[in-house]
Amino acid sequence: MNDTQPAGAAAPLKVDITEKTFRSATGVKIVALRGLSFEVGQGEFACLLGPSGCGKTTTLRILLGLDRQFSGSYQLPEGGSNRVAAVFQEPVLLPWRTVEQNVRLALPRNFRDKDLDGLFEILGLSAMRSLYPSELSLGLARRAALARAFATEPAILLLDEPFASLDERTAESLRRLLIRVWAARPTTVLMVTHNLREALLLADRIIVLAPRPAQVLGVFDVGLSRDLRDKTALDRLVLDFHERFPESA
Amino acid sequence: MRAGFVSAGARARALARGGGIVWPAATVLASLLGLCLVWSLAAGLWPSRAFPPPLEVWRVLLKEAGSGDLGFHLAMTLSRVAAAYVVAMSIGSVIGVLLGTHRRADSFFNPWLVLFLNLPALVVIVLAYIWFGLTEAAAVGAVAINKIPNVVVTMREGARALDPRFAEMATVYRLGPIDYLRHILMPQLQPYFAAASRSGIALIWKIVLVVELLGRSSGVGFQIYLYFQIFDVAAILAYTLAFVAIMLLIELLLVQPLERYTTRWRRGSA
C-alpha cells in the first residue's frame, strides 16, 4: 500500500453557487450565499476566510452533499480514491467505537484492514488506538478526526474550523500537525476559518468572503514557503492582508 | 446504617463495572431467605390448605420436577415467551424507527398506536383464537400484538433522539446500509431497545400465562388453571415461583452481562 500517493489527475475544485436561501421559522427568506464562485487548484491548500455567520459552513455542507437545496453547481476534484473527507467543527467520533474502529469505519470495506501505523504515528495517536472517544481530550479527539479524514486518502479534504474551541497552544500544535500529515499525504484541501493568522499560517491561497450573503471579495496568495512563516513573517503577512482587504479588518 | 448505605452504593458501582459479584449475591440471598422466613411464620400462625408453608411448596416443586412435568411446562412457556419477544421486538423496533424518522407517517399512524396501546390484552387473545383458531401461531401472535405498541412508543422516542451529525458523518464517508445500521443506528438506539426489552419480557410472560390458560394444553398457565380447579395452591405457587426464578436467572446471567458489554464505552459508572 503506497501511503504517499498523491490524489489523482489535475482536476480542480470548481464552485459556482448562484444562490442558497434559508427559510426562517417565521417564513422569512434569508439569502445565505449569492454568486459565490471560486476555484481551488489540484493539491492546493485553500482557506475560506470570512466573518462568523457569513455562510462558510453552508458552503462546505453543499460541497459535502449534505445540503442539496441550492441553485448553482460545483465540481469536486477527481482521481485517487475519488472520495471526499471532512473534519467538522466537532470531532463527531462514534463514542461506542474505539479510535481505531472510528478511523477504519470511514474506509471502503475492502481497505478496512490496511496499514495505518504510519498515520497514527504521525498524529501521535499510536498509544490511543484502542481508547474510546470519551477517554480522549478534545485535542486528541480532533487528531483522531484528522486521522479518519487522511486515512481515506481523499481527493479533497474539507475542514470546517477544525481548531475551534481549543486552547491556543493545542490549536497551534494541531496546525503544525495538520501541515505535517498533509505534506506526507498531499491532497486538495479547503478549510473554513474566521481566524486570519490561522489561514495565513496554513494556506497557499486565502479566499476572502464578504459578510452575508457570502460572495468572494478577493483572493490572497500567501506566496511564502510554509517553513518561513514564523511569528514575524506572519505579522508582516497580516499587515499585507489588511492593506489589500481593508474592509475585512 | 449510614455506612451500610454508602458501601451498598459502592458495591452497586463495583457491580456496574463488572467487579465484585459476591457481595450483591449474598445480599439478594439473605433478602430472599428473610422473605421465606416471614412466609413460613405466617403460614404456621394461620395453617390452611389455601396458604401452604414454603417447605410444602418446595416438596411439590421437587415432585413435579421429578416427574418431568415441571420441566416440560416451563420449557413450553419459555419458548412462547421467547418467540413472542423476538416477534414483538423486531416488528415493534422497525415500526418505531420508521415512525420516529417520518413525521407525516407518525401523525397518520399515531391514532392507530393509541388504539392498540389501549386494547385490553384479553380482547386481543380472544379475537386471535376466534379468528385464527386455537393454534400456537395465534397464541404467540396475540402476545406479540399486545407488546408491539409499547416497543413502538419506546423505539420511536429513540429514533427521534438520533444525532443528525452521525448520519452526516456516515454520508460523507459513504458508509453502506449495513455499516450504518450496525455502527450508527443500533448503538444509538441501544438504551431504548434495552428499556423496551426489560419492560417487555416481564409483560410478555404474564400475557403468555393468560394465552395458555385460555387456549393451550401445555405451559405454566395451563398447569395453574389445572391446579386452580382443584384448589392446589402449593402447586400453583410451585409453578409460579419456578418460572420467576428462571426469569431472574435470565436477567442476571444474560440481560445484565449483555448490557454491561454493550455500554462498555461509557466511561466509569454511569
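Every number here is computed from the coordinates shown, using simple stated rules; none is lab data. Just so you know, these numbers come straight off a predicted model, no measurement behind them. Heads up, the Cβs are rebuilt from the backbone with ideal geometry, glycines too, and the neighbour counts pull from every protein chain shown.
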Mean Cβ-within-10 Å packing, highest first, puts peptides A:97-103, A:109-115 in the order A:97-103, A:109-115
Starting from the amide H of A:LEU217, placed 1.01 Å from N in the peptide plane, find each other amide H under 5 Å away whose residue is 5 or more places distant or on another chain. A:VAL208, A:LEU209, A:ALA210
Binning at 10 Å from 0, report for region A:43-108 what percent of all alpha-carbon pair distances ends up in each bin. 14, 41, 35, 10
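How far, in nm, would the chain grow between B:LEU29 and B:MET247 when pulled straight, counting 0.36 nm per residue and subtracting the alpha carbon separation? All intermediate terms of the calculation are to be shown ahead of the outcome.
On the way: separation 218, 0.36 × 218 = 78.48 nm, distance 1.60 nm.
Working it through step by step, the gained length comes to 76.9 nm.
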The value for region B:30-188 (convex hull of the alpha-carbon atoms, volume per residue, Å³) is 219
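When only C-alpha pairs under 8 Å and at least 6 residues apart count, what is the relative contact order of chain B, in percent? Please list the in-between numbers first.
Working: 236 pairs, mean separation 70.9, N = 270.
Across chain B, relative contact order equals 26 percent.
Antiparallel versus total DSSP beta bridges in chain A: what percent is that, nearest 5?
On the way: 20 of 39 bridges.
Counting DSSP beta bridges with both partners in chain A, the antiparallel share is about 50 percent.
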Taking each residue of A:66-72 in turn, how many C-beta atoms of other protein chains fall within 10 Å of its C-beta, and what is the average? 1
Got a sec? How would B:HIS73, B:HIS183 order by Cβ neighbour count within 10 Å, fewest to most? B:HIS183, B:HIS73
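If you take every DSSP beta bridge fully contained in the protein assembly as shown, what fraction is antiparallel? Give it as a percent rounded to 5. Spell out each step's value before the answer.
Values: 20 of 39 bridges.
Of the beta bridges lying entirely in the protein assembly as shown, close to 50 percent run antiparallel.
Percent of Cα-Cα pairs more than 25 Å apart in region A:68-179, please.
Details: 1346 of 6216 pairs.
Tail fraction, whole percent: 22.
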Dimensions (Å) - region B:54-144, Cα atoms, principal axes, largest first: 58, 28, 22
√(5λ) per eigenvalue of the Cα gyration tensor, region A:101-249, largest first, Å: 31, 16, 15
Rank A:ALA210, A:ALA85, A:ALA183 by mean-square fluctuation in a GNM of chain A with C-alpha springs under 10 angstrom and give only the top-ranked residue. A:ALA183
Over all residues in B:178-187, what is the mean tally of Cβ atoms on other chains that come within 10 Å of each residue's Cβ? 2
Between A:VAL28, A:VAL92, A:VAL219, find the one with the highest GNM mean-square fluctuation for chain A; connect C-alpha pairs within less than 10 Å. A:VAL28
Cα point-scatterer Debye curve for chain B, base-10 log of I(q)/I(0) at q = 0.10, 0.15 Å⁻¹: -0.70, -1.22
Size of electric dipole in region B:65-262: Cβ of Lys, Arg +1 and of Asp, Glu -1, about Cα centre, debye, nearest 20: 500
Using θ = phi - 60° and Karplus 6.51 cos²θ - 1.76 cosθ + 1.60, couplings along region A:91-102 (whole Hz; Gly, Pro as x): x, 6, 8, 6, x, 9, 10, 5, 3, 5, 4, 4
P(r) of region B:130-236 in 10 Å steps, Cα pairs, percent per bin? 13, 29, 23, 18, 11, 5, 1
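Starting with the fewest neighbours, write out B:GLU64, A:GLU135 ranked by other beta-carbon atoms found within 10 Å of each beta-carbon. Present the calculation step by step, with values, prior to reporting the outcome.
Values: B:GLU64 20, A:GLU135 15.
Fewest-to-most Cβ neighbours within 10 Å comes out as A:GLU135, B:GLU64.
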Where does chain A land on the Kirkwood hydrodynamic radius, alpha-carbon pairs, in angstrom? 18.8
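So, R0 is 41 Å and r is the distance between the beta-carbons of B:SER79 and B:TYR180; what FRET efficiency does that work out to, to 0.05? Please list the in-between numbers first.
Working: r = 33 Å, r/R0 = 0.81.
Computed FRET efficiency for B:SER79 and B:TYR180 comes out at 0.80.
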Gaussian network model of chain A, springs between alpha carbon atoms under 10 Å - residue of A:ALA147, A:ALA25, A:ALA184 with greatest fluctuation: A:ALA25
Compute the distribution of all C-alpha to C-alpha distances in region A:93-152, in bins of 5 Å from 0, and list the percent of pairs in each, rounded to whole numbers. 4, 22, 37, 25, 10, 2, 0
Projecting each Cα onto the charge dipole of region A:93-152 (Lys/Arg +1, Asp/Glu -1 at the beta carbon, about the Cα centre), which of A:LEU138, A:VAL99, A:ALA149 comes out farthest on the positive side? A:ALA149
Mean Kyte-Doolittle of at least 1.6 and a Cα length of 30 Å or more along the axis: which whole DSSP H helices of chain B meet both? B:22-45
Relative contact order for chain A: what is it in percent, counting Cα pairs under 8 Å that are at least 6 residues apart? 28
Alpha-carbon centroid distance for the pair region B:153-175 / region A:93-113, whole angstrom: 17
Helix A:138-151 versus the longest principal axis of chain A: what angle, 0 to 90°, nearest 10, using Cα atoms? 90
Hey, if you drop one equal point scatterer on each alpha-carbon of the protein assembly as shown and run the Debye formula without solvent, what base-10 log of I(q)/I(0) do you get at q = 0.08, 0.10, 0.13 Å⁻¹? -0.72, -0.92, -1.25
Please report, in Å, the Rg and the Dmax of region B:43-93, where both are computed over Cα atoms only. 17.3, 51
With each label point set 7 Å from Cα along the Cα-Cβ vector, what nm distance links A:SER165 and B:VAL94? 3.8
Helix axis angle, A:231-244 relative to chain A longest principal axis, alpha carbon, degrees: 30
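Counting partner chain Cβ atoms within 10 Å of every residue's Cβ in B:161-169, what's the average?
4
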Normalised contact order of region A:20-129, rounded percent, pairs of Cα under 8 Å and 6 or more residues apart: 15
Kirkwood-based shape ratio for region A:161-249, expressed as Rg/Rh from alpha carbons: 0.95
